[in-house]
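Everything on this sheet refers to the single structure shown next.
The values are calculated or read from the model by the stated rules, or taken from the named source; none is laboratory data. The structure presented is a predicted model; accordingly, all values stated were derived computationally and were not measured. No Cβ is skipped: glycine too gets one built from the backbone with ideal geometry, and neighbour counts run over all protein chains shown. Calculation scope for accessible area: heavy atoms of the full protein, side chains included, ligands and nucleic acids excluded. Shrake-Rupley method; radii C 1.70, N 1.55, O 1.52, S 1.80 Å.
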Amino acid sequence: ATIVYEGRAVPELELPDRLIDVLPLPLPTLPVRRFELRSGETPAGPAFQINGRDFDHHRIETRVTLGTTEDWEVANADQMDHPFHLHVNSFQILGPDGEPEAAWRDMMNVPGGTRRRFRVHFTDYPGRTVYHCHRVAHGDLGMMAVIEMERPPLVPPRMRAP
């Protein structure tokens, strides 16, 4: 194949000396949300579940409010690893000391028999999306759930006395 370029050349951009700082997310004001990833056999075949439930695209498993920060704990009841993936909002993985790492993620591996936490700030995109095991076969077999991100309720202005 031959590639022919026409028009003005695009000037080369210099790479920055360093990446932007990733500031830690604020502490959550809500209790930790907990999720358990588990697989097993059923008469119909293998089952992969989150919190004991198979995926149902009509059912909302988790509701969050935009503008809030939450800690999520994901426990893996299996021997195999489950890479946990959250769509739309990136998060910061929390270390054993509870401190967030200085990096944005949308997936974290949860090794078999362990639990891990991350902190997420729901910033934008009201509506529904999913979280799931990032192993395609596991998500396809039910290890997926729907999350709805809702706008905060409108609070009417306070009435003032005349």
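Given the criteria in contact with an Asp or Glu (Cβ under 7 Å, 6 or more places away or on another chain), among the aliphatic types (A, V, I, L, M) and free of Cβ contacts under 8 Å to residues at least 60 places away in the same chain, does Ala9 qualify? No; evaluated as a whole, the condition is false for this residue. Among the candidates Glu70, Glu61, Glu99, the residue that is open to solvent by less than 50 Å² (accessible area, probe 1.4 Å), closer than 30 Å to Pro152 by Cα and modelled with pLDDT of 95 or more is uniquely Glu70. Taken over segment 48-58, the criterion of being surrounded by fewer than 18 Cβ atoms within 10 Å (Cβ to Cβ) and among the hydrophobic types (A, V, I, L, M, F, W, C) is satisfied by no residue. Identify all residues within segment 13-72 that are in contact with a Phe, Trp or Tyr (Cβ under 9 Å, 6 or more places away or on another chain) and of a type in the set (Lys, Arg); write none if there are none. If the condition is that a residue be in contact with a Phe, Trp or Tyr (Cβ under 9 Å, 6 or more places away or on another chain) and of a type in the set (Lys, Arg), then Arg33, Arg34, Arg38 are the ones that fit.
Scanning segment 23-47 for residues that are at pLDDT below 95 and surrounded by 12 or more Cβ atoms within 10 Å (Cβ to Cβ), we see that the one that is nearest to Phe84 (Cα to Cα) is Ala47. Taking first residues from segment 114-135 that are more than 14 Å from Pro28 (Cα to Cα) and partners that are surrounded by fewer than 18 Cβ atoms within 10 Å (Cβ to Cβ) and among the charged types (D, E, K, R), the Cβ contacts under 8 Å between residues at least 6 apart in sequence or on separate chains come to Arg115/Glu73; Arg116/Glu73; Pro126/Glu150; Pro126/Arg151; Gly127/Glu148; Arg128/Glu148.
Consider His121 carefully, then state whether it is in contact with a helix residue (DSSP H, G or I) (Cβ under 7 Å, 6 or more places away or on another chain), open to solvent by 20 Å² or more (accessible area, probe 1.4 Å) and under 26 Å from Asp56 (Cα atoms). No: the conditions fail for His121.
Based on this model, can you work out whether Gly95 counts as closer than 23 Å to Gly139 by Cα and in contact with an Asp or Glu (Cβ under 8 Å, 6 or more places away or on another chain)? Criteria not met by Gly95.
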